[in-house]
Structure formats: C-alpha cells, structure tokens
Amino acid sequence: VQLQASGGGLVQPGGSLRLSCEASGGDFRFFAMGWHRQAPGKQRELVAAISSGFEPHYEDSVKGRFIISRDNAEKTVYLEMNSLKPEDTAVYYCNAERANHGMNYWGKGTLVTVSS
C-alpha cells in the first residue's frame, strides 16, 4: 500500500486547511486510516483516525476543530482542519492499518504551518 498525502501549507491562526491522503494498492475498505503529526522536537502523535466502519476518533486537542472522513470509492482519507492554532504546526502523516493482519503503512508527510 502506498499513501500520498497532500494539502499542507502555510495558514494564519484561525484559518482552515484540508489534507488528503490517497491510497494505492491493497483493499482500502478494510484499512483503518489515521492522521498523525510530529512537531519539531516532539514525538509523533495520533491526531485522528477513522475505522473501516467509518467510526472516527480524535485526540482531545483537536476535538471540535478537525474532521476526519474517508471515501472508499476514491481510496482517500481527508482531514479537515478548522480554527487552526500555532500549536497545530507539524508534519502530518497518513497511516493505514489492518492490525489483525499485521499491516501498517505510512505515507510521506505534508507540512502544516500555522503562523501570522
């Protein structure tokens, strides 16, 4: 499975961005998809995930601001980010996992910078 993330960029505080991650190879429907981020000097952390059954999960600091969704026909997972804060600045990584099959894949990151 190959994952291609896009949509990062520079945005002012309070602004919005939408990240996309398109998958190729594998059967996308059966993967849980996630967005993780890594800020400078910090460990990578899970931001949001969506199960194969479309159940979302959010890290506390992004609840109410970020929305994760998936389009199985397009083999794409999205992360809509609203009310962005400087502390959201990080490289965002897409992840695909089928834990019960021992499958875990990562895409290259896309940089999100929130700054005035």
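Based on Cα contacts under 8 Å between residues 6+ apart, the chain shows a relative contact order of 36 percent.
At a probe radius of 1.4 angstrom, the accessible area of region 1-92 per residue rounds to 53 square angstrom. Computed over the alpha carbons of the chain, Rg followed by Dmax gives 13.4, 44 Å.
Using 0.36 nm per residue and subtracting the Cα-Cα separation, the extra length available between residue 63 and residue 108 on full extension is 13.8 nm.
The slack between residue 29 and residue 10, meaning 0.36 nm per residue of separation minus the straight C-alpha distance, is 3.7 nm. Bridging of residue 85 to lysines at a Cα separation below 23 Å is possible for 42, 63, 108, once same-chain residues fewer than 8 apart are set aside.
Taking all protein chains as present, what is the carbon and sulfur share of the accessible area of the chain, in % to the nearest whole number, probe 1.4 Å?
The value for the chain is 48 percent carbon and sulfur by accessible area.
Dipole orientation for the chain: of the candidates 114, 62, 100, 114 has the Cα lying most toward the positive pole (charges on Cβ; Lys, Arg +1; Asp, Glu -1).
Give the separation of the Cα centroids, region 4-37 to region 47-94, in Å. Here the two parts' Cα centres lie 7 Å apart. Please name whichever of 50, 34, 89 sits farthest to the positive end of the charge dipole of the chain, dipole taken about the Cα centre and charges placed at Cβ: Lys and Arg +1, Asp and Glu -1. Of 50, 34, 89, it is 89.
With the whole protein complex present, residue 71 retains an accessible surface near 50 Å², based on a 1.4 Å probe.
The values are calculated or read from the model by the stated rules, or taken from the named source; none is laboratory data. Source: prediction; values computed, not measured. Positions of Cβ are backbone-derived with ideal geometry, glycine not excepted, and every protein chain shown enters the neighbour counts. Heavy atoms of the whole protein, side chains included, go into the accessibility calculation; ligands, DNA and RNA do not. Shrake-Rupley method; radii C 1.70, N 1.55, O 1.52, S 1.80 Å.
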